[in-house]
């Protein structure tokens with residue numbers, strides 16, 4: 001299907017009212033280029049330009065190449081008063097549903113174009129850190145690209161492109177969200193983001209995205225190019241912060257062990273620009289890249305059999321406390337694991353992630369990365385660097401793993417979880433748990449189906465998934481699920497089929513008895529479609 005045909009098909013789904021006379025695309029072209037004077041509808045091109053690339057002087061958005069469903073939604077928000085503009089608001093009120101579908105289809109079919117120019121007195125590079133890595137530790141702010149796709153090129157019909165949008169338009173929208181003049185977006189996400197940015201940060205972000213390419217280029221590394229350290233500073237100083245007198249010990253840790261009073265504080269990994277010098281620094285940088293782009297980087301991708309990355313479960317590229325941070329994992333290995341009843345090294349633990357979470361047996365290579373190979377060496381170098389200054393052998397670090405949840409008194413209910421998933425999760429992960437990728441890069445990982453983690457991954461257990469969800473989902477704290485809700489959503493997600501457990505011996509019943517006896521494990525239960533037993537596996541795509 002051509003791009004134009006796909007866009008037209010989408011447009012026809014937006015409304016069920018057939019267009020009379022001209023075909024929908026031509027009707028949209030007419031409205032865009034000429035308007036409709038009889039109905040007081042001005043031509044879109046008067047502000048957004050003929051190429052749909054927007055206009056800096058007028059603060060008009062880039063429309064060319066955007067998802068028709070997104071464009072139609074914005075027109076409806078002007079009609080509903082959730083967005084306000086002296087030209088757009090009355091213009092939107094005069095459109096019929098067929099007009100909205102047609103003009104949205106027209107702009108969606110245009111080749112992406114941009115007339116953006118960042119002002120010379122705003123440093124576009126200053127916005128890179130917030131755009132690419134966010135500020136999770138201090139403000140609970142995920143990176144902009146975490147939702148809007150690699151490089152800000154857009155992700156589906158909900159998260160539009162930021163790349164190439166005019167600076168004046170982006171800045172005006174951040175200001176409107178921050179003051180509440182624009183609202184109505186899902187889960188109040190953008191209002192929360194804009195409200196945590198100061199004026200200089202809003203300008204820097206607008207300038208950064210205005211200067212980004214319209215298509216996915218080489219994805220940005222998690223680590224920026226290191227700046228030379230001051231002559232009096234070390235490039236890798238220990239970063240443990242001792243708790244003050246009023247520090248609160250997280251509940252999931254319980255009592256602080258004797259001699260570990262500092263456990264009440266959170267370890268801080270090295271800053272992203274504090275790389276070691278020389279070959280080790282280069283290996284750390286490669287490890288950071290593989291961690292974030294595990295399924296697409298040509299060095300690690302041959303060992304990934306689905307659409308998962310390390311950063312999908314270990315947020316902020318392995319830095320975020322309570323999201324199984326890598327700085328806490330490094331100092332806890334080697335360790336005995338009941339899962340395989342042996343002592344695992346860190347290398348073997350990472351291989352386990354490839355085997356289960358990334359389903360290596362269905363990959364191109366059919367196997368996990370080799371010990372002492374480049375992939376494992378790079379990932380271990382990165383994880384080691386994140387733990388700079390952490391005490392070796394400390395298995396009680398605050399923020400380690402996911403905060404455990406007490407089993408709910410009323411159990412967990414996947415039917416309740418289905419409603420919660422539709423309300424809070426489907427926006428990003430898809431109604432069918434399919435996730436969202438942009439040019440192969442994972443924006444939101446699949447949660448079930450052939451491209452998800454398999455039946456051997458830790459996340460397939462309801463208790464593990466519930467703990468992760470309660471502490472980390474949704475990404476912004478505009479919505480926080482209760483522990484009961486987290487259990488219910490986790491039960492719904494993990495009551496779906498996924499790739500087979502690599503330890504499968506030909507019998508679901510025997511495999512369930514050997515490896516899935518926990519009450520929080522749904523493998524082998526008759527919970528599938530029409531009562532099918534879970535664990536039969538899914539067809540490979």
- Task: Could you tell me whether region 167-174 includes any residue that is touching a residue at least 40 places away in the same chain (Cβ under 8 Å) and either part of a loop (DSSP other than H, G, I, E, B) or in the same structural domain as residue 271 (by TED's automatic domain parsing) (or both)?
- Result: no
- Query: If you check residue 59 against the conditions, is it under 33 Å from the mean Cα position of the chain (by Cα) and surrounded by 19 or more Cβ atoms within 10 Å (Cβ to Cβ)?
  - Reply: no
- Selection over region 462-492 where residues are in a helix (DSSP H, G or I) and under 25 Å from residue 143 (Cα atoms) yields a count of 12
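Residues are listed down the side, and each one gets a yes or a no for (1) surrounded by fewer than 24 Cβ atoms within 10 Å (Cβ to Cβ); (2) touching a strand residue (DSSP E or B) at 6+ places or on another chain (Cβ under 9 Å):
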{"position": "300", "(1), (2)": "no, no"}
{"position": "308", "(1), (2)": "no, yes"}
{"position": "313", "(1), (2)": "yes, no"}
{"position": "329", "(1), (2)": "yes, no"}
{"position": "334", "(1), (2)": "yes, yes"}
{"position": "338", "(1), (2)": "yes, no"}
{"position": "360", "(1), (2)": "no, no"}
{"position": "364", "(1), (2)": "yes, no"}
{"position": "367", "(1), (2)": "yes, no"}
- Task: Within region 340-365, count every residue that is assigned to a loop (DSSP other than H, G, I, E, B) and touching a residue at least 60 places away in the same chain (Cβ under 8 Å).
- Result: 6
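For (1) in a loop (DSSP other than H, G, I, E, B); (2) under 29 Å from the mean Cα position of the chain (by Cα); (3) farther than 30 Å from residue 42 by Cβ, each residue gets a yes or a no:
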| site | (1), (2), (3) |
| --- | --- |
| 95 | yes, no, no |
| 100 | no, no, no |
| 104 | no, yes, no |
| 107 | no, yes, no |
| 115 | yes, yes, no |
| 122 | yes, yes, yes |
| 125 | no, yes, yes |
| 128 | no, yes, yes |
| 131 | no, yes, yes |
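Conditions tested, residue by residue: (1) at pLDDT 95 or above; (2) within 27 Å of residue 148 (Cβ to Cβ).
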residue: 439; (1), (2): no, yes
residue: 457; (1), (2): yes, no
residue: 503; (1), (2): yes, no
residue: 525; (1), (2): yes, no
residue: 537; (1), (2): no, no
- Count - residues of region 46-75 that are out of contact with any helix residue (DSSP H, G or I) (no Cβ under 7 Å at 6 or more places or on another chain), part of a helix (DSSP H, G or I) and touching a residue at least 12 places away in the same chain (Cβ under 8 Å): 4
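The values are calculated or read from the model by the stated rules, or taken from the named source; none is laboratory data. Note that the coordinates shown come from a computational prediction; the quantities given were computed from them, not determined experimentally. Because the Cβ atoms are built from the backbone with ideal geometry, glycine has one as well, and the counts that use them run over all protein chains shown.
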